[in-house]
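The values are calculated or read from the model by the stated rules, or taken from the named source; none is laboratory data. Every value quoted in this text rests on a predicted model; they were computed, and no experiment measured them. Please note: Cβ atoms are built from the backbone with ideal geometry, for glycine as well, and neighbour counts cover all protein chains shown. In case anyone asks, the SASA skips ligands and DNA or RNA and just uses the protein heavy atoms, side chains included. Shrake-Rupley method; radii C 1.70, N 1.55, O 1.52, S 1.80 Å.
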Amino acid sequence: MEKILVDPERYRQLVERLVRAIAPLRGELDLIVGIIRGGFYPADMAARVLELPWAYLYVQSYGDERSAGQSRFGRELSGTKPERGQTVLLVDDLVDSGQTLHKTVEWFDAHYHGFGLKFKTAVIWRKASSTFAPDVCVEEIPFIAGTRQCPWIVQAHEHEADRIRGLLAP
């Protein structure tokens, strides 16, 4: 599988571009929710810069064949809770298949039923294979030439985790 390696400086630039792209929506937004893990830092930066309340939601999506399409959610939203009629911005680093963002909206509907929440979405990357079109996207990731697959995105902190894990090995 082809990979795109993202170094720390490039990632910082992409997060800045994401926050700049979200900024025009500021007057429409009441709450920012970062989808953990990838959406934590971009959501935190957006909330700080735009001076909006924020929370995070733990979502683990599985990509293997045995459990494709399954998502596991934390028991509750951590941080500021939404109020009736608010517009919530869901932030993640990447929309791959679109499953995580679709399931996250369903999670909110189940846990905040009757609140009349509205949603906007923002991501750094959207793969061409995604069924979900976010409101804000910094970069589109095209299919690998001659295939219906998109490259894998590997961020600098993933390399760092692998390096430290190697130091711990006996």
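Does Glu106 satisfy being within 21 Å of Phe132 (Cα to Cα) and either part of a loop (DSSP other than H, G, I, E, B) or of a type outside the set (Ser, Thr, Tyr) (or both)? Taking the combined requirement at face value, the residue satisfies it.
Taking region 17-40 as the range and being outside any loop (DSSP other than H, G, I, E, B), touching a residue at least 24 places away in the same chain (Cβ under 8 Å) and farther than 21 Å from Ser97 by Cα as the test, the residues that pass are Arg17, Val19, Ala21, Ile22, Ala23, Leu25, Arg26, Glu28, Leu31, Ile32.
Across region 27-38, a minimum of one residue is classified as open to solvent by 20 Å² or more (accessible area, probe 1.4 Å), modelled with pLDDT of 95 or more and not charged (D, E, K, R). All told, Gln155 meets the bar of being more than 14 Å from Ile35 (Cβ to Cβ), at pLDDT below 90, buried (at least 19 other Cβ atoms within 10 Å of the Cβ) and touching a strand residue (DSSP E or B) at 6+ places or on another chain (Cβ under 9 Å). Scanning region 72-95 for residues that are farther than 18 Å from Asp30 by Cα, open to solvent by 60 Å² or more (accessible area, probe 1.4 Å) and outside any strand (DSSP E or B) gives Arg75, Glu76. Within region 55-63, at least one residue is within 17 Å of Thr104 (Cβ to Cβ), surrounded by 20 or more Cβ atoms within 10 Å (Cβ to Cβ), of a type in the set (Phe, Trp, Tyr) and out of contact with any Lys or Arg (no Cβ under 9 Å at 6 or more places or on another chain).
Considering region 127-156, the residues that are part of a loop (DSSP other than H, G, I, E, B) and among the β-branched types (Val, Ile, Thr) include one that is farthest from Pro42 (Cα to Cα), namely Thr147.
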